Amino acid sequence: MTFDDVSKVFVTGDGTRVQALDGLNLAVSRGEMVAIVGQTGCGKSTAFNLLLGLFAASSGTVSVQGMDPHGDFEALKGRIAVVFQDGRLLPWRNAQDNVALGLEYQGVSKSDRAAIARDWLARLGLEGREKAYPYELSGGMRQRVGIARCFALNPDIILCDESFSALDELTAERLRGEFLRLVKDEGKTGVFITHSIEEALTVGDRVAVFRAPGHVAAEFERPETLSEADLSRMRKSVRDVMATHPSP
Ligand SMILES: Nc1ncnc2c1ncn2[C@@H]1O[C@H](COP(=O)(O)OP(=O)(O)OP(=O)(O)O)[C@@H](O)[C@H]1O
């Protein structure tokens, strides 16, 4: 996945031009998990939406597995899956049917998608809750369903948008750990957007610090083992880069 000198300009209803991304360069290798951290309005979601192919860049090149996510939207379908902040479950579908949703769009048979959904729910610790509706589940459980739905698609790439920030700290910590283990075990490539420096340093093999207008101001590689002193130094470095030009 690469962003090569990408810019994105939005034009609002009254004709105002908003430069959301400007000279964005970022490369994510296969099997890597890159955390993107930055203040509000620095262009994280715009970069994320470009990877999803929701719109085209104004200039520069976005490439996912050698393809243009906007132009080759159909070809990339199913290769990218997203874990959203709130799980984004359909309230009228039970857990199993929520997990099976993407598989249904892919034309997987009813019995196969039920089996895949049940398997992923069990892997996420939700055996016995397959028929529960979202309103019957806690926030953490709903997020587990969202993660199961993502993995059930067997995508190559997983994109996370503030995936654990709506959960209490302990639940988030536990689920984040389980999620990261699955990402590594299944050999997925990931991009993880967060406002939290701490979370970025926990999830990212590499941390890209965004600054407005949307560009990477600095990147930090996280060593295999990290002492408390190293972590504290990295935390400070990331904070210093983020704070140099405060976003609105
Ligand atoms: N559709 C749009 N039309 C006009 N301006 C937009 C649009 N989408 C984003 N922007 C602007 O582009 C800039 C970057 O926004 P973006 O949502 O990508 O930032 P962000 O880092 O994801 O912010 P947050 O952390 O608050 O979600 C902001 O100034 C925002 O107001």
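The values are calculated or read from the model by the stated rules, or taken from the named source; none is laboratory data. Treat the numbers as computed from the prediction; the structure is a model and nothing was measured. Backbone-built Cβ (ideal geometry, glycine too); neighbour counts: all protein chains shown.
Quick test of your reading of the structure: Thr171 fulfils all but one of (1) over 18 Å from Thr40 (Cβ atoms); (2) among the polar types (S, T, N, Q); (3) part of a loop (DSSP other than H, G, I, E, B). Name the failing condition by number.
The one condition Thr171 does not meet is (3).
Among (1) surrounded by 13 or more Cβ atoms within 10 Å (Cβ to Cβ); (2) within 16 Å of the ligand (Cβ to nearest atom); (3) touching a residue at least 40 places away in the same chain (Cβ under 8 Å), which single condition is Ala56 missing?
Condition not satisfied by Ala56: (3).
Residues checked against (1) in contact with a Leu (Cβ under 8 Å, 6 or more places away or on another chain); (2) within 14 Å of the ligand (Cβ to nearest atom); (3) of a type in the set (Phe, Trp, Tyr):
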{"residue": "Ser163", "(1), (2), (3)": "no, yes, no"}
{"residue": "Val203", "(1), (2), (3)": "yes, no, no"}
{"residue": "Ala217", "(1), (2), (3)": "no, yes, no"}
{"residue": "Glu221", "(1), (2), (3)": "no, no, no"}
{"residue": "Asp230", "(1), (2), (3)": "no, no, no"}
{"residue": "Ala243", "(1), (2), (3)": "no, no, no"}
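If a residue counts only when it is hydrophobic (A, V, I, L, M, F, W, C), at pLDDT 95 or above and closer than 15 Å to Ile158 by Cβ, which strands (runs of 3 or more DSSP E) contained entirely in the range 1-94 have at least 3 such residues?
Here the list reads 33-37.
Among the residues of the range 187-234, count how many are more than 21 Å from the chain's Cα centre (by Cα) and not β-branched (Val, Ile, Thr).
Final tally of qualifying residues: 11.
Looking at (1) more than 14 Å from the ligand (Cβ to nearest atom); (2) in contact (Cβ under 8 Å) with a residue 40 or more places away in the chain; (3) touching a strand residue (DSSP E or B) at 6+ places or on another chain (Cβ under 8 Å), can you tell me which one Arg211 breaks?
(1)
Could you check the range 93-114 and list, in sequence order, the residues that are without any contact (Cβ under 8 Å) to a residue 24 or more places away in the chain and either under 11 Å from Leu52 (Cα atoms) or among the hydrophobic types (A, V, I, L, M, F, W, C) (or both)?
Val108, Ala114, listed by residue number.
Quick one: what pairs do we get from the range 15-44, first residue without any contact (Cβ under 8 Å) to a residue 24 or more places away in the chain, second surrounded by fewer than 21 Cβ atoms within 10 Å (Cβ to Cβ) and assigned to a strand (DSSP E or B), C-beta under 6 Å, 6+ apart or different chains?
Arg17/Val9; Arg17/Val11; Val18/Phe10
I need a count of the residues in the range 15-53 that are of a type outside the set (Ser, Thr, Tyr), surrounded by 14 or more Cβ atoms within 10 Å (Cβ to Cβ) and near the ligand (Cβ under 9 Å from one of its atoms).
Qualifying residue count for the region: 13.
Quick check on the range 187-202. Is at least one of its residues of a type in the set (D, E, K, R), surrounded by 18 or more Cβ atoms within 10 Å (Cβ to Cβ) and either in contact with a strand residue (DSSP E or B) (Cβ under 6 Å, 6 or more places away or on another chain) or in a helix (DSSP H, G or I) (or both)? First the steps, then the outcome.
Within the range 187-202, the subset of a type in the set (D, E, K, R) is 188, 198-199.
So of that shortlist, the ones also surrounded by 18 or more Cβ atoms within 10 Å (Cβ to Cβ) come out as 188, 199.
Now narrow it down to the ones that are either in contact with a strand residue (DSSP E or B) (Cβ under 6 Å, 6 or more places away or on another chain) or in a helix (DSSP H, G or I) (or both): 188, 199.
Yes, the range 187-202 contains a residue that is of a type in the set (D, E, K, R), surrounded by 18 or more Cβ atoms within 10 Å (Cβ to Cβ) and either in contact with a strand residue (DSSP E or B) (Cβ under 6 Å, 6 or more places away or on another chain) or in a helix (DSSP H, G or I) (or both).
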